[in-house]
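Student: Below you'll find the structure I mean.
Read-outs throughout are calculated quantities, based only on the coordinates presented, and are distinct from any laboratory measurement. As the structure is a prediction and not an experimental result, all values here were calculated from the model. For neighbour counting, all protein chains shown are included, and Cβ atoms are generated from backbone atoms with ideal geometry for every residue, glycine included.
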Amino acid sequence: MHLQVLKLAKSLIQARILMSGSVPTVYETPVHTSIRRLYLSPTPVLDFLTAPDLEEITLWVPPDNGPDLRAHLGPFLARSSCPLRRLCLHRKPDSQIMGILAEFSCIVELVIIITGSEAAQGVNALVSALTVSTPGPTASMALLPHPHLRSMYFGCGMESWINYAKMLTSRWKVPNSGDKP
């Protein structure tokens, strides 16, 4: 049903597609030329979409981490040839994120929405993997090995996690660092 509505809405700029249960079998992949922003769950729906002008995508991934994101995101981006710049994930950070950033250098903005208390370890591992710190009086921090990444945002869905998100921001505020959160 959702995909049929998209097919009819030719001038739609933003879409939110949330499906529960299994993804329906679709025999065609319509091209959605006007969609710029897409919020999607589950990720296998990407297999049935083509959006050549997509700039931002938000994916909600279940707590069990669900399917391999690259298995769906990769073919979608190749098929769409879109100028995707921003990736937002509602999930616990894991090693898939580093693989996605390595494979898709078009992503210059990364947003992680922390969805559970078990996310702390994953966020710390992600920040450590993304940065190289130089201690001492001329302390600095660099985004390696993904210099194309220009912006990172960590958010939280629960009031009690706001202090944790603030702590992440403070990790970027190292003297002489050119990188900002």
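Student: In what sequence, highest mean first, do 101-112, 43-54 appear when ranked by Cβ atoms within 10 angstrom?
Tutor: 43-54, 101-112
Student: Measuring from label point to label point, each 7 Å out along Cα→Cβ, what is the residue 20 to residue 8 span in nm?
Tutor: Going by the 7 Å Cα→Cβ label model, 2.3 nm.
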